[in-house]
Amino acid sequence: MLRQVPKYDETADDPAGPWLVKPQIPDLGLKRRPDYITAQNAREVAEAANQWLGRKFNGHKVSAARVERKLIAAHRGYLCFECDPIDIGVRVRLGFDGAGDTATPVEPDKPFMTDSTAPDPTAVMACVERLSEEMPDTVRTQVNAAAGMLAPLFFGYEAIRLAINPLAIFKDGSWMVGNVEMQIDENGLFRHPELISLMDRRGDNYSDIQRRRELGLDFSVVDKNGQIGLLTNGAALTVFLMAELRSRNLSPYNYVDLRPSFIIEGSECIKTAMNQIIAGPNIQTVLINLVGVNSDIEVIAKALAQTLRQIPSEIPIVVRLAGMDPDAAKKIFDGSNSNITLASDLETALQLVERQATTQAPS
Amino acid sequence: MNNLRLKPGTPVLVIGAPSGNALRHMRLMRDYGTNIIACVTFSEGGTGIDGIASFTNCADAISATGAKVAVTLASPDTTGHAVLEAAEAGVSLIISPTILVPIHDTLRVRRRVRDLGTVWIGPGGTGLAIPGNSINLGVTPNEILRPGNIGVIAMPSTLSLEVGFAMANHHLGQSMWIGVGVDLMKGARPSDFVPFFAQDEETTTVVLICGRGGTDEEEFAEAVGHFGFSKPVLALLAGENAAATNSSFSRFLESRQLSHFVKIRTALEQAGVAVYDGIDDLIGAIPTSLPQ
């Protein structure tokens, strides 16, 4: 693992390669994941590390590059288990030598095998065994052996998806897992202290998950020059509000999804989000729109009012609390900062934001 | 899905509501007119909550009270157990508004519940409400419900409630409100309700509030096409325009896997569903010539 560009000695013998130099960043999804660089010698490894280190992908800085020896395999297997919401089970995908890999186009003439089965390790292994009957002998045994080891891990760690690509199968019949993609269910983390401990140790790589777990806060700056800060709950509702602002020619600064159960007196959730928002260089107004759903909107309102009193900022704030009696809200916010305006419904709140942003805009 | 059109006064069992928000929601359901006749708290039992008989397990509660439907207000880690116990004790419909339920719990329970023929709405989502029969099962706010002819299938809870508030402001009522939630792994999926709404005489218009995270909307579109729906079907797909005009917003949505707008819109429109990206546009398009 390289955390800085290595020095290389031109006179020294290069260890046998080729090498793959991979940037270490949180998963950005298949489409946005950067590729690796193939290096033939130590000088090219250093150049590749120099290309990766310090670069940003979707806001995540590359703080390390991993160097791996390129596997020269006789066959490349592909093995994937994932929760299947339609057939209510686990979908198994198998392929080899180019087939089945969902990250690259499947070669049309290669066999690709898939089926859905019951959600338990025995059923999954039986499914792999059945599907792999169509594979050549030189691949089948190794795929089954790998599945026998990986299926219990899929269930043990409560994974949503576990993909092995490639499963490198060598000439002598030995095999090695070349790359693992494992997507863990955040809702099941409470049963896995070992995973929580891993995230604590590698906080840089899991900061988004840590913030959701500890603060009930999902936050991301979308436009660093944005005018409107958002403090809202519900992913879809926040996206809707961002779209509404854009349709009014206003630029949202951030995406946010507060977990209402964390919005209680003394919690850090609102404070953390607000401090990040008011740090935006062009923030003209903050729109706070909260909906109770499972939580009590009055409890949320009290916690919000208390926190806003502690944040010294002159930036105008529009507050709309869905489903709350306007008079009750007014009582709770009495004595709060004078820059807070309460709105009785969403459209009024958006109009107020529009008006305030227009007033605040530099001439 | 024949068990969805519940009659007024249908006896309801609430599981896991001894205190806090769960108790508050149980009282709100009751205030709306829902006939809650039993509670299961697993640990207490006997003494009763707000005068409602309390039991330590679902089988005893059902055999003593005749409850037909269950609402689970249990914690995320116990929801799976609560649903399984209720289904095995014989209720035909279970509503679970609890959020953050582990996916593998849902997966295991959903399979068993399907085999038993029980309809499970959730986890997450706001639940099921039939305003015309004074039934509210879950956490849908009472103030957005009023009797009418619109069948609502609500995926994301907060956005759906905004639609609900807008409906209330425009005096639009629902034949049924079904909040299924946006979890990848869920009990009933939006497409499961298409045959029901196609035949339901109380429903003249169907509204889907999209979530954009998985394949639910495309399955819904396929089901609408398959059933040759004769009633107007409208959908709210929020965020598409903003993503199309702003690259940073578009990249952000992609990173959150919230960017399947084009696929969803195409599938819905090909099935004859009218798609809107704003709440006001959606509300304005709901046919009002029919009695609401």
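Please treat every number below as a calculation from the coordinates, not as lab data. All figures in this text were calculated on a predicted structure; none of them were measured in a lab. So basically every Cβ, Gly included, is an ideal-geometry build from the backbone, and we count neighbours across all protein chains shown.
Before moving on, here are some points about what is shown:
- Against the rule of thumb 2.2 N^0.38 Å, how large the Cα Rg of segment A:216-360 comes out: 0.93
- Per-residue Karplus couplings for segment A:134-150, computed as 6.51 cos²θ - 1.76 cosθ + 1.60 with θ equal to phi - 60°, are listed in order as 7, 8, x, 4, 5, 10, 4, 4, 5, 4, 5, 5, 5, 4, x, 8, 8 Hz, Gly and Pro entered as x.
- If a spin label sat at a point 7 angstrom from the Cα of A:V177 along the line to its beta carbon, the backbone N atoms of segment A:58-84 nearer than 18 Å would be those of A:68-69, A:71, A:76-83.
- Cleavage-rule hits (trypsin sites (Lys or Arg not before Pro)) in segment A:128-177: DSSP loop, at most 15 neighbouring Cβ within 10 angstrom: A:K171
- Inter-chain neighbour count for A:88-96: the average number of beta-carbon atoms from partner chains within 10 Å of each residue's beta-carbon is 2.
- Across chain A, the relative contact order, built from alpha-carbon pairs under 8 Å that are at least six residues apart, equals 10 percent.
- Only Cα pairs under 8 Å and 6+ residues apart enter the sum, and on that basis the relative contact order of chain B stands at 14 percent.
- Viscosity 1.306 mPa s, temperature 10 °C, Stokes-Einstein D of segment B:35-120 from Kirkwood C-alpha radius, µm²/s: 122 µm²/s
- The convex hull of the Cα atoms of segment A:267-330, projected and averaged over all directions, covers 4.5 nm².
- When the Cα positions of A:Q276, A:P252, A:N225 are compared along the charge dipole of segment A:216-360, A:N225 comes out farthest toward the positive end, with charges on each C-beta of Lys, Arg, Asp and Glu.
- Backbone HN-Hα couplings from phi across segment A:162-174 [Karplus 6.51/-1.76/1.60, Hz, Gly and Pro as x]: 9, 10, 10, 7, x, 8, 7, 10, 8, 4, 7, x, 6
- Using only the C-alpha atoms, the convex hull of chain B corresponds to 122 Å³ per residue.
- Placing unit charges on the Cβ atoms only, positive for Lys and Arg and negative for Asp and Glu, gives segment A:72-184 a dipole magnitude near 200 debye about its Cα centre.
- Paramagnetic reach from A:N282 in segment A:235-263 [backbone N under 11 Å; point 7 Å along Cα→Cβ]: A:250-253
- If the segment from A:N339 to A:E194 were pulled out straight at 0.36 nm per residue, it would be longer than the present Cα-Cα gap by 47.6 nm.
- Ranked by the mean number of other Cβ atoms within 10 Å per residue, highest first, peptides A:332-339, B:24-31 order as B:24-31, A:332-339.
- Charge dipole (chain A, unit charges on Cβ, about Cα centre) - positive-most of A:A328, A:M125, A:F190: A:A328
- For chain A, lysine pairs separated by 8 or more sequence positions, or belonging to different chains, with Cα-Cα distances below 17 Å total 11.
- Residues whose amide H falls under 5 Å from that of A:F96, counting only those 5 or more places apart or on a different chain, are A:Y78, with hydrogens built in the peptide plane.
- Compactness of chain A is given as radius of gyration and Dmax, 25.9, 80 Å, from Cα positions.
- The shape of segment A:167-277 can be summarised by an equivalent ellipsoid whose semi-axes, obtained from the alpha carbon gyration tensor, come to 36, 20, 12 Å from longest to shortest.
- Computed across segment B:58-216, the Kirkwood hydrodynamic radius from all distinct Cα-Cα pairs reaches 15.7 Å.
- Per-residue ellipticity at 222 nm computed for chain A from its helices equals -10000 deg cm²/dmol, with DSSP H segments shorter than 4 residues left out and the rest contributing -39,500 (n - 2.57).
- Under 14 Å from the A:E10 label point (7 Å along Cα→beta-carbon), backbone N, segment A:43-67: A:43-44
- Stretchable slack from B:A64 to B:T288, in nm (0.36 nm times residue separation minus alpha-carbon distance): 76.1 nm
- Cα-based equivalent ellipsoid, segment A:87-239: semi-axes from gyration tensor eigenvalues, Å: 37, 19, 16
- Tail fraction, Cα-Cα pairs, the protein assembly as shown, threshold 48 Å, whole percent: 19 percent
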